[in-house]
Amino acid sequence: MLFSSITFLYYFLPLTIGLYFLFPKCLKNMVLLLSSLLFYAWGEPKYILLMGSSIVLGYGFGLLVEKYRGKKLGQVFCILSVIISLSFLVYFKYVDFFITNFNAITGLNIPLLKVVLPIGISFYTFQMISYIVDIYRGEEAQKNIIYMAAYIAMFPQLIAGPIVRYSDIAKQLETRTHSWDMAAEGIRRFVSGLAKKVLLANQLGELCNVFRGSDEKSVLFYWLYAFAFGLHIYFDFSGYSDMAIGLGKIFGFRFLENFNYPYISASITEFWRRWHISLGSWFRDYVYIPLGGNRVKRGRQFFNILMVWMLTGFWHGAAWNFIVWGLFFAILLMIEKVWLLKYLKKSKVFSHIYVLFFVMISFIIFNAQDMGQAFLDIKGLFGIDGVPIVSAQALYCLSSFFVILIIAVIGATPAVPYGIKMVCHKPIGEKIINRIEPFVLMVLLLVITAYLVDGSFNPFLYFRF
Amino acid sequence: MKKVTCILFAVFLAAGFLLCVFLPKAQYSDSERRKLASMPTFQAQNIWNGRFMTDFETYAVDTFPFRTAFRTLKAVTATNVFFKKDNNDIYVSDGFIAAVEYPFNEDSLNRAVKRFRYIYETYLTKNNKVFLSIIPDKNCFLAKDSGHLSMDYREFEEQMKQKMDFAQYISISELLEKDDYYKTDTHWRQEKIIDVAERLAQNMGTTLSSNYKLHTLTHDFYGVYYGQAALPLESDVLQYVTQDVFDECYVYDGQNNKEITMYDMEKAAGRDPYEMFLSGSLSLVILNNLKAQEDKKLIVFRDSFGSSIAPLLISGYSQITLVDIRYIQPDYLGQFVHFDNCDVLFLYSTLVLNNSETLK
């Protein structure tokens with residue numbers, strides 16, 4: 001089930017919120033778990049068993065790791081649990097990729113398994129690993145399987161993150177408070193995330209689709225596509241994260257931020273501190289640091305960076321372009337570490353152009369069907385292969401999506417929250433903002449509903465991860 | 001105000017939920033001219049394979065309370081807030097609603113020509129005079145001025161002429177302008193295409209009676225684009241012309257084996273009033289002019305535009321056979337249509353030629 005769907009908004013959510021606040025405190029996690037299982041089963045009825053077994057295994061291993069912590073057996077159980085979690089992920093997500101490449105290398109013709117990817121498996125597998133590793137490192141295991149299952153399956157972050165560490169919400173699972181303030185904050189966050197997704201991301205996605213289906217490619221069209229896709233993926237994913245964080249707040253949870261205006265970064269290093277923060281920190285804490293992190297010789301450090309970014313790319317999808325995408329960032333990060341970072345600090349304009357350009361190129365690689373198409377798209381940006389400078393369709397799309405692009409550009413910067421903050425500096429301004437905010441949110445909900453009722457274009461990009 | 005936000009949100013969701021669950025569901029959308037999805041069957045197998053959920057999503061969207069009003073809100077937001085040049089490929093220019101018809105689909109044109117050539121080679125001989133005429137869609141007269149995408153209609157016409165080398169081309173595009181089309185519908189206005197009918201007749205070697213009477217439907221006509229645009233726009237006025245010769249005509253619906261009238265007044269009051277012309281979408285219709293001066297027969301391969309122009313041509317013929325190969329396989333035509341000594345006109349709109357997958 002998508003958050004940006006009528007079914008979620010007008011059937012699932014009212015029922016879940018109603019039941020959640022109707023039931024006493026001791027049953028709230030149970031309500032959350034059952035509604036989360038329904039939410040998951042709605043999209044993947046068959047894979048509910050897979051997630052259930054993952055939870056039971058994780059729960060059991062968690063207790064075992066805690067019991068034998070500090071002993072060899074604790075380490076064995078920890079490694080075993082991680083291997084089992086990863087083997088589920090490898091089988092369901094990567095097996096056909098490995099078979100395809102094995103066939104290509106050996107000339108064999110092993111048939112593909114064509115396994116359907118369980119929704120959200122990449123996210124909940126990483127949460128499970130973080131749970132087990134955190135226990136191994138000293139965190140207390142969850143004794144109540146309902147609470148443990150509610151943590152893994154919690155619907156706000158189940159299918160698209162952010163990747164919530166057990167250590168971050170362990171206490172909230174046991175004791176959390178609910179308040180009007182927190183719920184109102186959650187509602188604002190949820191509605192603005194929904195607006196980002198439905199009113200901006202979906203429309204920018206429509207522009208990308210028009211480009212993909214067009215026979216009238218031109219240099220302008222390639223740039224328009226690259227620009228639009230960069231904004232599309234940002235609003236799609238950060239919108240979903242906002243909705244998750246907002247829903248979390250309504251239910252009394254405080255999830256960590258996942259995006260912090262990445263497009264205002266002045267270096268790729270900074271970009272990755274602002275983009276998909278929960279994934280970046282997960283790889284840092286569970287892969288990069290265990291590999292030695294920065295406290296090793298430069299050669300080994302670069303190996304660590306390459307390894308982490310190859311895995312980051314591979315996490316996003318079972319295809320070579322994702323691996324290349326990850327390695328592309330690894331190379332940029334290494335160049336910045338060795339040489340570029342100090343020069344970037346000298347020119348703000350250059351550093352921003354540099355970041356936007358390379359991030360745009362990276363997303364062209366990311367969104368390509370394969371590397372062949374990625375090269376074709378990148379060549380198109382520079383008019384190689386005789387692509388014309390402009391085409392009628394590119395001009396039409398530019399004028400038709402112009403306002404949306406402008407809104408998206410402004411929305412990708414902290415300009416709006418900054419503006420609101422400035423207005424709120426004065427008591428009268430704050431009063432006005434506070435008065436109109438609830439009504440603005442309701443109008444937004446109405447317009448979002450109108451788009452959902454009218455539109456069929458509503459896929460969520462991060463589903464495939 | 002935090003409390004107000006929470007209460008408003010709760011009321012909004014609760015009201016939405018209650019309306020979704022308890023409000024009676026429409027089964028048909030007049031504005032979209034389609035059947036709406038119905039509640040899927042709640043069965044274990046449907047749930048296990050995910051079918052129930054997928055179908056429910058469609059059902060929830062299709063039967064959402066005040067769906068038409070929400071579609072209007074979306075269209076207004078898209079055009080007046082986001083300044084999109086079109087909404088779902090529909091745009092409004094100078095009060096006319098049109099659909100973006102772009103780009104020129106050469107493969108589609110080739111496919112159409114292939115189907116027409118098949119008919120020519122299978123059924124026609126040198127004794128048949130074959131004509132071709134192309135009706136430009138409304139977009140041809142609106143798109144350029146309003147800054148919308150417009151395919152190269154001249155190129156379209158040229159290619160069609162070249163590829164249909166077995167037919168004599170009759171150009172009508174210079175006789176048409178935007179006012180010759182309905183504002184809310186795809187089609188041309190019958191009362192405005194008398195000159196087109198005369199041009200066709202003249203080129204096919206016949207003359208038409210110029211004795212026309214104009215009639216106007218009393219109720220509003222909302223065409224197919226009206227529902228698609230979902231914008232609050234004015235309705236059209238549907239007019240039709242009659243001639244004395246109509247009293248001497250016998251119209252036969254070959255698809256349903258029954259006599260029909262030139263203008264079906266029941267359909268004029270129905271969901272799509274344009275269907276009043278020769279009863280709308282029928283694969284085979286034969287117009288017999290019982291008082292014709294000479295035995296001159298015409299077979300028209302046509303789309304829905306043909307329904308409104310055929311009555312204007314009947315005074316020049318003893319029989320006009322209308323064939324719509326979107327609804328009948330050309331392979332079976334020999335069983336129903338006699339081609340001997342008949343003139344043949346291929347009369348198609350660019351809308352069908354540019355999307356010819358509908359042709360059988």
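The values are calculated or read from the model by the stated rules, or taken from the named source; none is laboratory data. Small disclaimer: the values here were computed from a predicted structure and weren't measured. Don't worry about glycine lacking a Cβ; one is built from the backbone with ideal geometry, like all the others, and counts go over all protein chains shown. Note: areas computed on protein heavy atoms with side chains; ligands, DNA, RNA excluded. Shrake-Rupley method; radii C 1.70, N 1.55, O 1.52, S 1.80 Å.
The criterion of at least 3 residues that are more than 24 Å from residue A:47 (Cβ to Cβ) and modelled with pLDDT under 90 is met, among helices (runs of 4 or more DSSP H) falling completely within segment A:143-185, by A:166-174. Restricting the search to segment B:38-47, which residues are within 12 Å of chain A (Cβ to nearest Cβ) and among the hydrophobic types (A, V, I, L, M, F, W, C)? Scanning segment B:38-47 gives B:44, B:47. When restricted to residues that are part of a helix (DSSP H, G or I) and not hydroxyl-bearing (Ser, Thr, Tyr), segment B:257-277 contains 7. Of a type in the set (Asp, Glu) and under 27 Å from residue A:258 (Cβ atoms): is that true of residue A:134 in this structure? Criteria met by residue A:134. Within segment A:118-142, if we keep just the residues that are outside any helix (DSSP H, G or I) and in contact (Cβ under 8 Å) with a residue 60 or more places away in the chain, the residue that is most open to solvent (accessible area, probe 1.4 Å) turns out to be A:140. So, residue A:325, is that one part of a helix (DSSP H, G or I), open to solvent by 80 Å² or more (accessible area, probe 1.4 Å) and either over 19 Å from residue A:227 (Cβ atoms) or more than 14 Å from chain B (Cβ to nearest Cβ) (or both) or not? No. In this structure, residue B:273 does not satisfy being over 21 Å from the mean Cα position of the chain (by Cα), modelled with pLDDT under 95 and either closer than 30 Å to residue B:81 by Cα or open to solvent by less than 20 Å² (accessible area, probe 1.4 Å) (or both). Against the list (1) assigned to a helix (DSSP H, G or I); (2) surrounded by fewer than 20 Cβ atoms within 10 Å (Cβ to Cβ), the condition residue A:111 fails is (1). Is it the case that some residue within segment B:291-305 is open to solvent by less than 10 Å² (accessible area, probe 1.4 Å), under 22 Å from residue B:210 (Cα atoms) and not in a strand (DSSP E or B)? Scanning segment B:291-305 turns up at least one residue that is open to solvent by less than 10 Å² (accessible area, probe 1.4 Å), under 22 Å from residue B:210 (Cα atoms) and not in a strand (DSSP E or B). For segment A:2-56, the tally of residues that are within 8 Å of chain B (Cβ to nearest Cβ) and of a type outside the set (Gly, Ala, Ser) stands at 13. With outside any loop (DSSP other than H, G, I, E, B) and either touching a residue at least 24 places away in the same chain (Cβ under 8 Å) or open to solvent by less than 10 Å² (accessible area, probe 1.4 Å) (or both) as the only criterion, which of A:255, A:211 stands out? Going through A:255, A:211 in turn, just one is outside any loop (DSSP other than H, G, I, E, B) and either touching a residue at least 24 places away in the same chain (Cβ under 8 Å) or open to solvent by less than 10 Å² (accessible area, probe 1.4 Å) (or both): A:211. Residues of segment B:12-29 that are more than 9 Å from chain A (Cβ to nearest Cβ) and surrounded by fewer than 13 Cβ atoms within 10 Å (Cβ to Cβ): B:22, B:23, B:24, B:27, B:28. Take residue A:343 and tell me if it is touching a helix residue (DSSP H, G or I) at 6+ places or on another chain (Cβ under 9 Å), open to solvent by less than 20 Å² (accessible area, probe 1.4 Å) and closer than 16 Å to residue A:268 by Cα. In short, no.
Looking across segment A:227-245, just one residue is more than 25 Å from residue A:157 (Cα to Cα) and surrounded by fewer than 22 Cβ atoms within 10 Å (Cβ to Cβ), and that is A:227. Can you confirm whether residue B:72 is part of a helix (DSSP H, G or I), crowded, with 17+ Cβ neighbours inside 10 Å and more than 10 Å from chain A (Cβ to nearest Cβ)? So residue B:72 does not fit the description; no. Annotation note: Cβ proximity below 8 Å between a residue of segment A:324-343 that is within 14 Å of residue A:305 (Cα to Cα) and among the hydroxyl-bearing types (Ser, Thr, Tyr) and a residue that is outside any helix (DSSP H, G or I) and open to solvent by 80 Å² or more (accessible area, probe 1.4 Å) (sequence gap 6+ or interchain) occurs for no pair.
Could you identify the single residue in B:58, B:41, B:79 that is in a helix (DSSP H, G or I) and in contact with an Asp or Glu (Cβ under 9 Å, 6 or more places away or on another chain)? After applying the criteria, what remains is B:79. Exactly one residue out of B:208, B:287 is surrounded by 20 or more Cβ atoms within 10 Å (Cβ to Cβ) and assigned to a loop (DSSP other than H, G, I, E, B), and it is B:208. Based on this model, can you work out whether residue A:188 counts as within 24 Å of residue B:6 (Cα to Cα) and either in contact (Cβ under 8 Å) with a residue 40 or more places away in the chain or touching a Ser or Thr at 6+ places or on another chain (Cβ under 6 Å) (or both)? Considered against the rule, which asks whether it is within 24 Å of residue B:6 (Cα to Cα) and either in contact (Cβ under 8 Å) with a residue 40 or more places away in the chain or touching a Ser or Thr at 6+ places or on another chain (Cβ under 6 Å) (or both), residue A:188 comes out as yes.
Of the listed requirements (1) open to solvent by 50 Å² or more (accessible area, probe 1.4 Å); (2) away from every other protein chain (no Cβ under 14 Å); (3) modelled with pLDDT of 95 or more; (4) closer than 20 Å to residue A:153 by Cα, residue A:62 misses just one: (1).
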